[in-house]
Amino acid sequence: MLFSKEAQNKFIKEIECLVNQEHSYIEAVLAMCEKYELEPQIGAKYLTKPIIEKLEKEGMEYNLLPKKSPELPV
């Protein structure tokens, strides 16, 4: 399934709406993928850079992704 730009904007707005209703970005993206019957890997292609950054931050907070270290290990 390919999204038009309008459908992509709706997808993003629905994610933001769920986040405003106390869902995490991870939960919101997965819920929208389920609603539109998309695999998460396919749904990820339609996300904007700010949402991807927020997902990465949540992933690091939940220890699902390694934390980025701004310093060199000593």
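Per-residue answers, yes or no, for (1) touching a Cys at 6+ places or on another chain (Cβ under 6 Å); (2) free of Cβ contacts under 8 Å to residues at least 24 places away in the same chain; (3) surrounded by 16 or more Cβ atoms within 10 Å (Cβ to Cβ); (4) assigned to a loop (DSSP other than H, G, I, E, B):
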position: F3; (1), (2), (3), (4): no, no, yes, yes
position: Q8; (1), (2), (3), (4): no, no, no, no
position: F11; (1), (2), (3), (4): no, no, yes, no
position: I15; (1), (2), (3), (4): no, no, yes, no
position: A28; (1), (2), (3), (4): no, yes, yes, no
position: M32; (1), (2), (3), (4): no, yes, yes, no
position: I42; (1), (2), (3), (4): no, no, no, no
position: K45; (1), (2), (3), (4): no, yes, no, no
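Output the residue which, of all residues in the range 47-68 that are in a loop (DSSP other than H, G, I, E, B) and out of contact with any Asp or Glu (no Cβ under 7 Å at 6 or more places or on another chain), is modelled with the lowest pLDDT. This residue is K68.
Of the set (1) modelled with pLDDT under 90; (2) assigned to a helix (DSSP H, G or I), all apply to E71 but (2).
The values are calculated or read from the model by the stated rules, or taken from the named source; none is laboratory data. These numbers were taken from a predicted model, which means no experiment stands behind them. Positions of Cβ are generated from backbone atoms using ideal geometry, with glycine treated the same way; all protein chains shown enter the neighbour counts.
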